[in-house]
Structures are given as C-alpha cells and as structure tokens.
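What follows is a single structure, written as structure tokens, with notes after it.
Every read-out reported here was derived from the displayed coordinates using simple, explicitly stated rules and does not represent laboratory data. Being a predicted model, the structure only gives us computed values, none of them experimental. Because the Cβ atoms are built from the backbone with ideal geometry, glycine has one as well, and the counts that use them run over all protein chains shown.
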Amino acid sequence: MAEVGDADRKSERGTPTDQPTMVSSWREDFAASIVVFLVALPLCMGIAIASGTPVATGLITGMVGGIIVGVFTGAPMQVSGPAAGLTVIVYGIVEEYGVPVLGIVVLIGGLLQIVAGLFRFGQWFRAVSPAVIKGMLSGIGFLIFASQFHVMVDDTPKKSGIMNLLTIPQAIAKGFPWPEIHSSAERQQRTEILHEVGTLHADQVELLENVEERVSRHLDGDATPSDEELAAEAEQLAPVAEIQQSVTKDLRGLYKKAQEQGFTAGDDPDAKSLQVAFQTAIKKSEEALKDLNNKAVLEVRFSQREADDSLAGVVAELKNHDWAAKIGLLTIVTIILWQTCTPKSFRFLPAPLIAVVVATVLSAGFYLPVVYVEVPDRLLSEVHLPSWTIFKDVPLSVLIESGLVIAAVASAETLLCATAVDQMHSGKRTQYDKELMAQGFGNTICGVLGALPMTGVIVRSAANVEAGAKTQLSTILHGIWLLLFVVFLGFVLRLIPTAALAGILVYTGYKLINPKTIFELRRFGWSEVAIYVITVVCIVVEDLLFGVIVGILLSGGKLLYVFSHLDTELHTDPETEKTTLHLRGSATFVRLPLLANDLDRVPRGSELHVDLSELHYIDHACLELLMNWAAQHESTGGSLVIDWEELHAKFRTDGSRMQRVASSIPDPPASQSDAKSDLEKAVESDGDGKDAQA
C-alpha cells in the first residue's frame, strides 16, 4: 500500500520542469481572469438568493474563493466560490435558525476540511459510487429548479422541495397572464418606490441579523433569563435603535410619496392593499423602534421579525408577477440562444452574463415593477463575525452536524470537480489533500465573515481552462475583480432584477438534473439506475443528507450482493455423459453450501467440465472445496476438466500474506495436471485461508 501511495503522490505533483509560472504566463492568466469574473458575478448573486441569504454573502465567498483559496490551492485550474450544490443545505439552516448561525456552521465545516486534509483523506472523498454522486447532483438540480421557479415570478419558495415541485403550476398561473402596460411615467414612479422600499427591506434584514447576534433566542421561550443577562444584552441594542429610527423615518416618507403619486388612493383593490401594507409596515417598524429604545430584550426579536415581514409585504404589493415571469423567461431564452446561435468567436463571453445584461437593460429602460437585487451601501455592513449568542440559541450537536454535512458535501463536490478539470488540461495535476486544506482555509474565513460556504465550481473552472489560463493567478485575479466591482460599482447591482438571477438558476437546475444520466448509468446495469432514482427521490422528498445516506447504503448493499452472490448451473448431456458446471458471480464461503450441493449432484465416474468465464471472485474456502472434490471424484473413475491456467490467473493478492501466496505460484505450466499441482501448493502455503480475487 505504501508503494501505491508514493506513486499516487508522485503523479499528483506532476513534473517540475516545463510548468508555466505566474510570472511567465501572466498575460494568459489576466485575460482568463476577466472571463471567469464575468461568469462568477451573476452566479455569486443568484446562489446567495437561492440560499435565502443577502447577495453580499455570495459575493464575499466569491472573493475569498479567488484571493485566498487561489493562493493555497492544490488544483491550479480550479475556481472556487459559492456553489449550487450547497444551496439546499444552506437554505435549510437559514430557514430554521437564521442567517447568523450560518457563519458558525461554515466555520466548523472549514475546520473539519483542514483536519481531513492534514490526515490525507483527500482521496477518500472520491470513494463514492457515481450513481450516488449523480443522484445527489440531480436531486439538488430538482430542488434548485423548483425553488427558483417561484423566485423567477417574484414569489416566495415553499417550505420543502416536494411542495416547491407540486406548486410549480401555481407559479406558472401567476406569471402566465400578459402584464398590464401602464404609462412610462407611472411605471417609473412605481419602480423608483419599489427600489427604495427594497433598500429599506435590506436594511431591516440587516437589523434583524444584528439583533439575533446580540439577543439570545432562548429569551423567546419559557426560560427566564437572569437580570445580568438582560442587562448585558440590553446594552448592545443602542446602535441598532439608531438604524431602526432611520428606517422608520424613511418608510414614512415613502408612504407619503406613494400617496402623492396616487398609488394608494381610490377604490382600486390593489391601491387599498398597498395602503394597508404601508400602514402595517410603519406600525410594525414603530413597535420595533419602541422595543429597542425601551431595551425590551424579551420582545425585541419578535418585533424585528414582524417589521421585516411587513416590509416584505410592501415589496410584494409593489411588484408584478407577470413582468417578473417574462424577465425570467427572457433570461433563459437568451442563455440558450447565446450558447447555440452565436458565432464561436463571441462565445468567450459567458451566456449568463449576457442574459443578465439583456434583462437589466430591458427592466431599467422600461421601468418594470419587479423585485431588484438588494445590496447594502457598504460591503462591510454585511460582514457578521461569529457571536457567542448563537451557542445559547442552537445546540452544539446541531452546529457540528450541520458543519459536518457542509464539509462532506463541499469536499466531495470540490474533489470530483478537480478530477474533471484535470481531464481538461495538460498542466499540473491536482494534489487532493492540499486542495482539501485550501478549501478548509477558505471556508474557515467565510465562516468568520458570515458568508456562504464554497466549493470548487465546474462552470467557472471550465471557463477558466477554456479561456487559456495557465496558473492559479487567473483565479486570484478574478477574486480581486469581484472585490473592486462591488466596492466601486456596487450601485449597478441594484439595477439587476431578481427574476433574471432566478432564471439563471432555473436553467442551472435543469442542467444539473441531466436526464441523460439515466442512459449513461444503464450501461452498467439497472441496479445503478435504481440507486440513482432512489437517491433523487429521497433528496426531493426528505432532504439532501437523508438521500445521500440512502444512496450510500444502497451502493454498499449492492457491493455486498455482488461479492456474495453466486449462480450455478449444472447440466448433464445424457448421450455423452458429459457434465458442465457453469459458475457466475463470486464464489465465497457464504455460497459454499450451494457449490457443494451442485458438486454432490455430479454423477459418479462422469467427466465434469467447470466453466469459469463468468466467475469474478473466489475465496480460499471454495477453492479448497473444488480441489478436494476433484481428488475424490478422480478416485471413483471420474475426471475433472477445468482451465487451471485461467484459475491460476484469477488467483490474486489480498494483503501481505496473499502477496506471499501469489509469489509462490510459478508461471503456468504446460499441462493442466502440473498447473493444478502448483495451485494446490500455493493454496496450501496460505494456512490462514486468504481470499483469491478475480
């Protein structure tokens, strides 16, 4: 085993000579980094929205994946960042425990990856059945497709994957009608108010996160906190109260503006609904401000949630499902047309970016009343350092379990992606343990900053290779471009309709489902297809972890079946008295009674031919039974015809003792009797009865 490991490590390192360096290939890497940046920008934002977190969390992860992981990477051509494969896990964590918990979970996952890399577990993460991996990706694809289909019509995803799938017809019904076309001035006024309310909602979300970091969740329940706890947490609410006061003031101003422009006047049901939504939001915001000013620690989390929900209600009244659906559909159509109909010389520009630009220009040019991306004025405001309050709110076992799931899925996806990328270029090969540690560093930093978890991403990595990158400099530069864009051009992001980003992810989900997978797995048997389908169904119906565990257990069960299943077929020709025993599968001690029973049925004194062509594995017990039976059968005047050379070839090593057994077997002799004799000696020399493998 040591020799194999050394060889593997040598192949990982690659040849030290003639390898490009960041200095010698900076021109190629610079050009490739621009392409990767253009691919990563819309995906970072879209994946954050799909995960139920602020857009900034995805952008921060993209920066860390480029700048930090790019420096320490063990896979120079791989590009890391937020990945669609983790959206399901993250969304579940955020939905149940809130955004502040995410940072701790990602931090734990990153530390676990570092430990796994130190103990050289990199290769083990690849030891998963392809049917399970493809099932996991397809299951994630179904969940992303279903949830983002609702976001694409400016609606809210449901609580579970199966409900998202079942309610897709409702989403289609909301977005199907042709939208009512108002005057340009009216659309402009309504869209401006929608933008401003969206900004206020982003501020309110940030307020909720700050309160959740400062005030323990257990105060919402039956437990009575001590006076010291109340006083300590109350003192931390003063800075939050100032921001809440600003939000309340701006909200009143927006309501007055909407009244002046006639959006809340008249008998129109939509106008009345918008008026009620504004009034409710102002009331809830005032209550939240009152609780903060009074340092009402026991009530403040609840009032903050209500203020957040009420502002989301105003956004819901202002937006238009019909226009959002058309924007999402336009995005998908643009991606397909760009990938299929444009000249190859233009395809270096990523299709998702072109689709977002088209949707943004159309939405901004016609002042379409749809939901737009909500980003803060300052990126640092979205950085949430880990808070000890979280450990009071969430059991440590839940945090560790969630971190373990993120570490396992992220590591498997990263290393499988690295393997695929290695097949795309002839440069330096992946060092799996080093890459696993680099991912751990990246996720640890993302956890500290409260950002999304990262993996190696095949879409960005493939774009990197195709754009001509030679070293990890392209990855590092793409992270720098993301940082500079957000710092100096962040206001541009507010022009992007959310439906466009959701449309990209709907298309991404469809590509992850990949129906061709069934036909690819069918070549290896229906059992692989069954494992794939069951894994997908379990992920969609239950959750990702449950589906993957079921898939792994089924794969293990299949492996046990293959290595313990033996079919025997005994046939006697009455004219020639020739008997044939056909062995198919694996002959182990578990199936020894079946083999012995067939041998007992062989007529005395007959000639027995043993067909080994479909025998995959034979252990010492069955091999010894066959030889002992042969000796007894020959003593009764019968004969055994067996291809001893073939059996000799099937006899393989298994551990150090079996290496000694194999080494004691000389080259196949000319006669079958000599071959049988040599094989008997080899088997007898292994007193402990090790296995022989086909």
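Assuming R0 = 45 Å, can you tell me the calculated FRET efficiency for the pair Glu466 and Phe119, based on Cβ-Cβ distance, to the nearest 0.05?
Efficiency, rounded to the nearest 0.05: 0.85.
Please give, to one decimal in nm, the separation of the simple spin-label points placed at Asp250 and Val333, each 7 Å out from Cα toward the Cβ.
Between Asp250 and Val333, the simple spin-label model gives 3.6 nm.
On a full-extension model of 0.36 nm per residue, what is the gain between Lys511 and Gln170, subtracting their alpha-carbon distance, rounded to one decimal in nm?
Result: 120.5 nm gained on full extension.
Which net charge results for the neighbourhood of Lys174, defined as the other residues with beta-carbon distances under 13 angstrom from its beta-carbon, given Lys and Arg at +1 and Asp and Glu at -1?
Residues near Lys174 contribute -1 overall.
If I stretch the segment between Val383 and Thr156 completely, what's the gain in nm (0.36 nm per residue apart, minus their alpha carbon distance), one decimal?
Extra length available between Val383 and Thr156 comes to 79.2 nm.
So what's the range 186-339 giving for Cα Rg divided by 2.2 N^0.38 Å, two decimals?
1.27
Net charge near Gly139, counting Lys/Arg +1 and Asp/Glu -1 over other residues with Cβ under 11 Å of its Cβ?
Around Gly139, the charge tally is -1.
Using the Cα centre as the reference, give the magnitude of the dipole from point charges on the C-beta atoms of the range 11-161 (Lys, Arg: +1; Asp, Glu: -1; all else neutral), rounded to the nearest 20 debye.
Dipole about the Cα centre, nearest 20: 320 debye.
Compare the Cα positions of Ser51, Leu489, Ile390 along the charge dipole of the chain (+1 at Cβ of Lys, Arg; -1 at Cβ of Asp, Glu; about the Cα centre) and return the one farthest towards the positive end.
Comparing the listed Cα positions along the dipole, Leu489 ranks first.
Dividing the convex hull volume of the alpha carbon atoms of the chain by its residue count, what do you get in Å³ per residue?
217 Å³
What net charge is computed for the residues neighbouring Glu401, neighbours being all others with C-beta under 15 Å from the C-beta of Glu401, Lys and Arg scored +1, Asp and Glu -1?
Residues near Glu401 contribute -2 overall.
Tell me, Ile144, Ile400, Ile60 in order of fewest to most beta-carbon neighbours within 10 Å?
By the 10 Å Cβ count, ascending: Ile400, Ile60, Ile144.
Pairs of alpha-carbon atoms within less than 8 angstrom and 6+ residues apart define the contacts here; what relative contact order does the range 543-634 have, in percent?
Reported relative contact order: 27 percent.
What order do you get for Ile332, Ile618 when you list them from fewest to most C-beta neighbours inside 10 Å?
The order, fewest Cβ neighbours first, is Ile332, Ile618.
Rank the residues Tyr432, Tyr255, Tyr561 as a footprinting-exposure proxy: fewest other Cβ atoms within 10 Å of their Cβ go first.
Exposure proxy ranking, most exposed first: Tyr561, Tyr255, Tyr432.
Okay, helix-only estimate at 222 nm for the chain: each DSSP H run of n ≥ 4 adds -39500 (n - 2.57), divide by all residues, round to 500 deg cm²/dmol; what do you get?
Estimated from H runs of four or more residues: -22000 deg cm²/dmol.
Calculate, for Glu95 and Thr568, the FRET efficiency according to 1/(1 + (r/R0)^6) with r their C-beta to C-beta distance and R0 60 Å; round to the nearest 0.05.
The computed FRET efficiency comes out at 0.65.
At 0.36 nm per residue, minus the direct Cα-Cα distance, what do Ser613 and Val487 gain on full extension? Give it in nm, one decimal, please.
Computed gain between Ser613 and Val487 is 38.6 nm.
Give a quick list of trypsin sites (Lys or Arg not before Pro) in the range 101-184 that DSSP marks as loop, anything other than H, G, I, E or B, with at most 10 other Cβ atoms within 10 Å.
In loop regions of the range 101-184 (DSSP not H, G, I, E or B), the sparsely surrounded trypsin sites (Lys or Arg not before Pro) are Lys159.
Among Ala127, Asn628, Tyr510, flag the residue with its Cα farthest along the positive direction of the charge dipole of the chain, charges on Cβ as +1 for Lys/Arg and -1 for Asp/Glu.
Value: Tyr510.
Taking the Cα centre as origin and putting +1 on Lys and Arg beta-carbons and -1 on Asp and Glu beta-carbons, what dipole magnitude results for the chain, to the nearest 20 debye?
Dipole size: approximately 1900 debye.
At a Förster distance of 45 Å, what's the computed FRET efficiency of Cys341 paired with Val276, Cβ-Cβ distance as r, to 0.05?
That pair, Cys341 with Val276, gives E of 0.40.
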